[in-house]
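Okay, structure first, notes after.
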Amino acid sequence: MPTKQLTFLDASVLINAARGSEPARKMRAISVIGDPNREFVGSQYLKLEVLPIAVLYKKKKEVALYERYFSAVITWVDPVSLIVPAYDLACQYGLGAMDALHLMAAMTTGAEFVSAEKPTKPIYSAYASAVSIY
């Protein structure tokens, strides 16, 4: 049996799948989430980024998509272990806090990092295994 691609999805992919306004990007996001050849890595930071607003405003379909995704995550990265190396990565590449934490989660597990951000963003310079569905 072939090995599945270990993947960390950026919040932008999940948000595009749930409520993206650009149809092609939304379909690419859904396709990545539903890809049977992938296994997903997650972190509590990712949950914190996407779920609270959807929960607060009772966006039931959005919450359901996120919860389905998080229930499929096979590897959860210890959030505390990410802070110091993410800070160093952020300083080196000019990353925002959440981008640095998400990238570090992908890096520590050797996962591909999939984002819906523009390919010109510094996350793609910071990690060779970062790809865009933009």
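Quick note: the coordinates plus some simple rules give every number you see, no bench work behind them. All figures in this text were calculated on a predicted structure; none of them were measured in a lab. Please note: Cβ atoms are built from the backbone with ideal geometry, for glycine as well, and neighbour counts cover all protein chains shown.
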Exercise. Could you give the nm distance between label points at K60 and S81, where each point is 7 Å from its Cα heading toward the beta carbon?
Worked result: 3.9 nm
Exercise. Pairing the Cα long axis of helix 44-56 with the longest principal axis of the chain, what angle in degrees results, from 0 to 90 and rounded to the nearest 10?
Worked result: 30 degrees
Exercise. Say we join alpha carbon atoms closer than 10 Å with springs in a Gaussian network model of the chain; which of Y69, Y57, Y87 then has the biggest fluctuation?
Worked result: Y57
Exercise. Mind listing the Cα extents of the chain along all three principal axes, in Å, largest one first?
Worked result: 40, 37, 29
Seminar exercise, completed: Within the chain, pairs of Lys residues whose Cα atoms are less than 19 angstrom apart, provided they are eight or more positions apart or on distinct chains, add up to 8
Problem set entry | C-alpha long axis of helix 83-93 to longest principal axis of the chain, angle in ° | 80 degrees
Exercise. What's the center-to-center distance, using Cα atoms, between the stretch 95-134 and the stretch 1-53 in Å?
Worked result: 13 Å
Exercise. Picking from A111, A97, A86, which is most flexible by a Gaussian network model of the chain using Cα springs under 10 Å?
Worked result: A97
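So if a site counts as exposed when it's one of the trypsin sites (Lys or Arg not before Pro), its DSSP state isn't H, G, I, E or B, and it has at most 16 other Cβ atoms within 10 Å, what's the longest stretch of the chain without one? Don't jump to the answer; show the numbers that get you there.
Working: sites that count: K4, K58, K59.
Formally, the longest exposed-site-free interval is 60-134.
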